[in-house]
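The values are calculated or read from the model by the stated rules, or taken from the named source; none is laboratory data. Keep in mind it's a predicted model, so treat the numbers as computed, not measured. Positions of Cβ are generated from backbone atoms using ideal geometry, with glycine treated the same way; all protein chains shown enter the neighbour counts. Remember, those area values only see protein heavy atoms, side chains included, never the ligands or the DNA or RNA. Shrake-Rupley method; radii C 1.70, N 1.55, O 1.52, S 1.80 Å.
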Amino acid sequence: MALSNYTELKDAIADWLDRTDLTSRIPDFIALAEARVNRELRIRAMETRATMTTTAGKRYFNLPNRYLQMRNFQLNTNPITPLEYITPEMLDRLYGSNTTGKPRAYTLIGDEIQYAPIPDTEYTVEMAYYQKFSPLGDGTGGTVTSNWLTQNAPDVLLYGALVEAEPFIRNDERIQLWLTAYKEAVDKIQKADDRDRHLS
């Protein structure tokens, strides 16, 4: 059976569970598996770049949709100005509440970026960051029917969904089997990505 899209994944989960009465629950198992993957994986396929322009006197800006974790943040000046992450407490101590100027640091507060100093003019900023995989669905409501995982690592989604399904159907003895398979698949993907970055 193929596992290259959302429909095929749902069918496979039903087959592996040997159940025909979980049609309405299987999307939940997939969504929970996706949440688990997004918490645990950090690979090149999850990286993206975004640019934005600051506004003079404005200190807070929204993080991009599906943001997970920062890789690099800079002002696109000449030369490029790297922005250093510091804690909110340290940012307040070093820059005070109303200091303006060319930003040199940032912190994260909820779903917002706080610059320090507060930008004194417009600057183009560029961030490289990890983002969540596009969530799977039936193609409506902003969801997609396939993504990088269905194309390159369907076993991760399958085993992850089975891990989430077994407690629901009170089949606890199978949880460890699927959890082990899931962890091995995730570990292999992460190690392959690390080798590609020459980190192993």
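For region 53-68, backbone phi angles converted through the Karplus equation (6.51, -1.76, 1.60; θ = phi - 60°) give residue-by-residue couplings of 10, 6, 10, 4, x, 9, 9, 10, 9, 6, 6, x, 4, 6, 4, 10 Hz, Gly and Pro being listed as x.
Within the straight-line cut-off of under 14 Å between alpha carbons, the aspartates and glutamates reachable from Lys188 are Glu40, Asp155, Asp196, sequence neighbours fewer than 8 places apart in one chain being disregarded. Of all lysines in the structure, those lying under 28 Å Cα to Cα from Lys102, and not within fewer than 8 positions of it along the same chain, are Lys58. In summary, the lysines within cross-link reach of Lys183, defined as a Cα separation below 20 angstrom excluding same-chain residues under 8 places away, comprise Lys132, Lys191.
Relative to the dominant Cα principal axis of the chain, helix 26-40 is inclined by about 40°.
Expressed as a whole percent, the accessible surface of the chain that belongs to carbon and sulfur atoms is 46, based on a 1.4 Å probe. Between 0 and 90 degrees, rounded to the nearest ten: what's the tilt of helix 175-196 against the longest Cα principal axis of the chain? Tilt of helix 175-196: around 40 degrees. Heavy atoms of the protein chains alone define the surface here; on that basis the chain has 56 Å² accessible area per residue at 1.4 Å probe size.
Between the Cα long axis of helix 6-17 and the first principal axis of the chain there is an angle of about 50°, rounded to the nearest 10. The distance linking region 8-75 with region 168-186 is 21 Å (Cα centroid to Cα centroid, whole angstrom). Ordering of 171-179, 11-19 by packing is 11-19, 171-179, highest average first (other Cβ atoms within 10 Å, averaged per residue). Placing unit charges on each Cβ (+1 for Lys and Arg, -1 for Asp and Glu) gives the chain a dipole about its Cα centre, and among Thr48, Pro27, Val156 the Cα reaching farthest toward its positive end belongs to Thr48.
Let me make sure I get this right: for the chain, a, b and c are the square roots of the gyration tensor eigenvalues over alpha carbons, sorted descending. Under 1.5 in a/c it's rounded, otherwise prolate if a/b > b/c, else oblate. Which is it? Cα axes put the chain in the prolate bin.
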